[in-house]
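**Q** Handing you a structure now.
The values are calculated or read from the model by the stated rules, or taken from the named source; none is laboratory data. Bear in mind that the values here come from a model prediction, so they are computed numbers and not experimental data. FYI the Cβ positions are ideal-geometry reconstructions off the backbone, even for glycines, and counts take in every protein chain you see. Calculation scope for accessible area: heavy atoms of the full protein, side chains included, ligands and nucleic acids excluded. Shrake-Rupley method; radii C 1.70, N 1.55, O 1.52, S 1.80 Å.
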Amino acid sequence: MSNHKNPFLEPYNTPHDTVPFDRIRLEDFEEAFMEGIRRDNEQIEKTINNPEKPTFDNTIINTEEDEGYYDLLSRVSTVFFNLLSAETNDEMDALAQKMQPILTQHANDVRLNPRLFERIRKVHLHHRKLTAEEKMLLDNCYDGFVRSGALLDEAGKEKLRQLTEEASMLSLQFSQNLLKENKAFQLHITDEAQLDGLPETAREAAAFTAQEQGKQGWVFTLDMPSYSPFMTYSTQRELRKQMYMARNTECTHDNSENNLEICKRLINLRREIAQLLGYKTYADYVLKRRMASNSRNVYHLLDDLIDAYKPTALKEREELKKSLPQSLQKKGEMKPWDTAFYTHKLQMKKYNLDQEMLRPYFELSKVISGVFGLANKLYGITFKENKDIPVYHPDVKAYEVFDKDGSYLAVFYADFHPRKGKQGGAWMTEFQGQHWEIKEKKDASKSQRSTSNVQCSTFNVQRSTYNVRPHVSVVMNLTKPTAEKPALLTLGEVETFLHEFGHSLHGMFANTRFESLSGTNVWWDFVELPSQFMENYAVEKEFLRTFAFHYQTGEPLPDELIDRIVKSRNFMAATACLRQVSFGLLDMAYYTKKDEFTEDIIPFEKKAWKKAILGEQLPDTCMTVQFSHIMAGGYSAGYYSYKWAEVLDADAFSVFKKEGIFNQETAQRFRDEVLSKGGTEHPMVLYKRFRGGEPTIDALLKRNGIKKGKKA
């Protein structure tokens, strides 16, 4: 008989109460999910049956501030869905399919509970004097219920249940299909001649992958550390085409992983949900809770960027065409699988610079030291690896983070490399969010602690608060080490690390009362500011000199190479901008639809983003079916956020350029007014408090070389 105890149902007893990954079994998840739902329902019954008059304290904040009740459902959901993205398998996928409708039904049961909403409505109308943070929590709570259908009649509520449950399942299926398609393709090469042009690092990585699979030769995959070097350096045009078409036709094939109809249905489901709730389009619904406010402002930004960048982008493309071999120029045959290859050659011609020259200076452990060192220079924080903290895969490293006064600040997990059960891309997430929790001097029993949150005010005990610190994680797909070499990154991968690390700082510096307002719980067109802000350091000499040393000789990155990095910063910047704008246009085209979407996805896509596309659009390729951000990742009607936040980050970094990129007083102001405040106030209020005024697009235009004049 097994003595195994479900770790979710008891105290973790780990360093800083971190997740005990080493003790969790697959069957623990379902048991904890169902118990969490039971406790949630018990909690709701206590709230709605409370005979006391509804108040902010006994209705809105009881679960957020009571030490006695830990939110089991949130606890297990966080772990499960984080692992579903970072370390899944067939059994996890099957369990997700089973639990998703149950969890969605439960969420609907809570948000559509009329008695619970009536208490919240009364508090919203009549409440004590509130702090700005309390008012934000109350408004978010009330709006959250309204936006989830609380004001609908019974028929409307039932319809909403059906729509949300179907959308939830389809989003999950979209992600699972994409992961399976991505991992299914391999380019297996056994003829060494077909490796022509590839740098040694790419060859070694492909050989290592083949060896791991027990194969001879070299294996290339669609994971970016494998795909990108192949497309950039391989002289084998037909093989580049094969790789390109494999990646850009994912989930379009006639098989069970086809996402075309799933996307069409998701677009319509979201439109129906929005219209059921009284909005004309799904974009109207989403943008009510964004800095942009409405689709008109989004299009205004995107159109401004097209007007500003397209003339330069056209010149960039013309220059690229002129650099092609005469044979291709005459035929006018530059294809999408040629773009990266010839762009690299042009970059070499203009700047004598490519990613492979820099790799030896970006050894992963040194990059980690550099990024941590940057945080220390700016904010005084330090990182110490703690191998006693359990992790979910041997690749993952866990660090304790300490503030400048030496006090414990956070736990930071870093998951660097691609593997079979891991989604592509890079993201930041949390296993525990920061918040203030009530601490009672009198010990409560275990049974009391699980249910006492609503009626905790009846306990005659001394109470004090303590700051529950966050456990944040960054998940990436960076170049892996091989048998011969450590992980050597590209400059682009260094930027990715800095980006996700910026998100993690937003989480680690959180210092708010309520977890739902802490860290990255902000409007989504503001959330990218801290991450994109950090990317600016990737091309700063003073930063590169702190960590960029040759992994074999220890020699620093030569000044001459740094100068070339700085000079080449805006190489193809306008083209890159239009690419991001095209994604924003595609997103908005889907979610500003007022009528049923009946068109075929592929031709609609080509038309939707046409004014931002410069190159040839191939009839069989499709971005939508692999566009996780807008189909399954929460950026539906919100992809413009990256460009919106880029205006903010360029403007914010211009302050640091003026006052010193390592200026600790400026950094402290950024921490105090932006990073630590989460979503406690309107984001523009926070930004203006740091900046002293609203941002303009000027700093971005100057940084990208579009607008001449003194650089910001």
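**Q** Hey, can you find the accessible area per residue of the stretch 316-368 for me, probe 1.4 Å, expressed in square angstrom? Intermediate values should be presented prior to the final figure.
**A** Working: 2660 Å² over 53 residues.
About 50 Å² of surface per residue is accessible.
**Q** Where a ≥ b ≥ c are the square roots of the eigenvalues of the C-alpha gyration tensor, would you call the stretch 642-699 rounded, which needs a/c under 1.5, or, failing that, prolate if a/b is larger than b/c, or oblate? All intermediate terms of the calculation are to be shown ahead of the outcome.
**A** Values: a/c = 1.84, a/b = 1.06, b/c = 1.74.
Oblate, since a/c reaches 1.5 and b/c is not below a/b.
**Q** With a probe of 1.4 Å, find how much accessible area the stretch 100-147 has per residue, and write the answer as a whole number in Å².
**A** Values: 2370 Å² over 48 residues.
About 49 Å² of surface per residue is accessible.
**Q** Next up: Roughly speaking, to the nearest percent, how much of the chain's 1.4 Å accessible area is carbon and sulfur? Intermediate values should be presented prior to the final figure.
**A** Values: 14850 of 30700 Å².
Accessible surface attributable to carbon and sulfur in the chain totals 48 percent.
**Q** Before rounding to the nearest 500, sum -39500 (n - 2.57) across all DSSP H runs of length at least 4 in the chain and divide by the residue total; then give [θ] at 222 nm in deg cm²/dmol.
**A** My calculation for the chain gives -16000 deg cm²/dmol from helical runs alone.
**Q** With an 8 Å Cα cut-off and a minimum separation of 6 or more residues, compute the relative contact order for the chain in percent. Please report the intermediate quantities before stating the final value.
**A** Numbers: 1092 pairs, mean separation 123.0, N = 712.
Relative contact order comes out at 17 percent.
**Q** For the stretch 262-339 and the stretch 368-395, what is the centre-to-centre distance using only Cα atoms, to the nearest Å?
**A** With the stretch 262-339 and the stretch 368-395 each reduced to a Cα centre, they are spaced 37 Å.
**Q** Next question, about the same structure. Can you list the lysines whose alpha carbon sits under 19 Å from that of Lys658, skipping same-chain ones fewer than 8 residues off?
**A** In chain and number order, the partners are Lys377, Lys541, Lys688, Lys702, Lys707, Lys708, Lys710, Lys711.
**Q** Please compute the modelled spin-label separation between Ser256 and Lys610, points set 7 Å along Cα→Cβ, answer in nm with one decimal.
**A** For the pair Lys610/Ser256, the computed spacing is 3.9 nm.
**Q** Please label the shape of the stretch 342-419 as rounded, prolate or oblate, based on the square roots a ≥ b ≥ c of the eigenvalues of the alpha-carbon gyration tensor (a/c under 1.5 means rounded; beyond that, a/b larger than b/c means prolate, else oblate). Walk me through the numbers on the way to the answer.
**A** Values: a/c = 4.04, a/b = 1.86, b/c = 2.17.
Since a/c reaches 1.5 but b/c is at least a/b, the shape of the stretch 342-419 is classed as oblate.
**Q** Another one. May I ask you to work out the translational diffusion coefficient for the stretch 45-172 at 20 °C, viscosity 1.002 mPa s, via Stokes-Einstein with Rh from the Kirkwood sum over Cα pairs, reported in whole µm²/s? Numbers along the way, then the final one.
**A** Details: Rh = 16.6 Å.
Translational D for this selection: 129 µm²/s.
**Q** While we're on this one: Expressed in nm to one decimal, what extension gain is obtained for the pair Asp307 and Leu125 from 0.36 nm per residue of sequence separation less their Cα-Cα distance?
**A** 60.9 nm
**Q** Where does helix 641-659 land angle-wise versus the long Cα axis of the chain, in degrees 0 to 90, nearest 10?
**A** 80 degrees
**Q** Using Cα pairs closer than 8 Å and at least 6 residues apart in sequence, work out the relative contact order for the stretch 149-259, in percent. Don't jump to the answer; show the numbers that get you there.
**A** Working: 102 pairs, mean separation 31.1, N = 111.
The normalised contact order for the stretch 149-259 reaches 28 percent.
**Q** Let me ask something else about it. Just want to confirm a number: the relative contact order over the stretch 510-628, from Cα pairs under 8 angstrom separated by 6+ residues, in percent. Mind showing how you got there, number by number?
**A** On the way: 54 pairs, mean separation 18.3, N = 119.
Relative contact order comes out at 15 percent.
**Q** Let me ask another. Where Rh denotes the Kirkwood radius from the mean inverse Cα pair distance, what is Rg over Rh for the chain? Don't skip to the answer; put the middle values down first.
**A** Numbers: Rg = 26.0 Å, Rh = 27.2 Å.
Rg/Rh for the chain comes to 0.95.
**Q** For Lys606, go through the aspartates and glutamates and keep the ones whose alpha-carbon is under 12 Å away, minus same-chain ones fewer than eight residues off.
**A** Partners within reach: Glu616, Asp620.
**Q** Return one number: the angle in degrees, 0 to 90 and rounded to the nearest 10, between the long axis of the Cα atoms of helix 237-248 and the longest principal axis of the Cα atoms of the chain.
**A** The angle comes out at about 10 degrees.
**Q** Considering only protein heavy atoms, what per residue accessible area in square angstrom results for the stretch 476-552 with a 1.4 angstrom probe? Intermediate results must be reported in sequence, preceding the final value.
**A** Working: 2110 Å² over 77 residues.
Result: 27 Å² of accessible area for each residue.
**Q** Just check the stretch 154-303 against the gyration tensor rule for me: Cα atoms, a ≥ b ≥ c as the square roots of the eigenvalues, rounded for a/c under 1.5, and otherwise prolate or oblate depending on whether a/b exceeds b/c.
**A** Values: a/c = 3.70, a/b = 2.22, b/c = 1.67.
In terms of gyration-tensor shape, prolate.
**Q** Scale the Cα Rg of the stretch 509-667 by the rule-of-thumb value 2.2 N^0.38 Å and send over the ratio, two decimals.
**A** Values: Rg = 20.2 Å, N = 159, 2.2 N^0.38 = 15.1 Å.
My calculation over the Cα atoms of the stretch 509-667 gives 1.33.
**Q** What order do you get for 2-8, 118-124, 533-539 when each peptide is scored by the mean count of other beta carbon atoms within 10 Å, highest first?
**A** Values: 2-8: 12.9, 118-124: 18.0, 533-539: 22.0.
Packing order, densest peptide first, comes out as 533-539, 118-124, 2-8.
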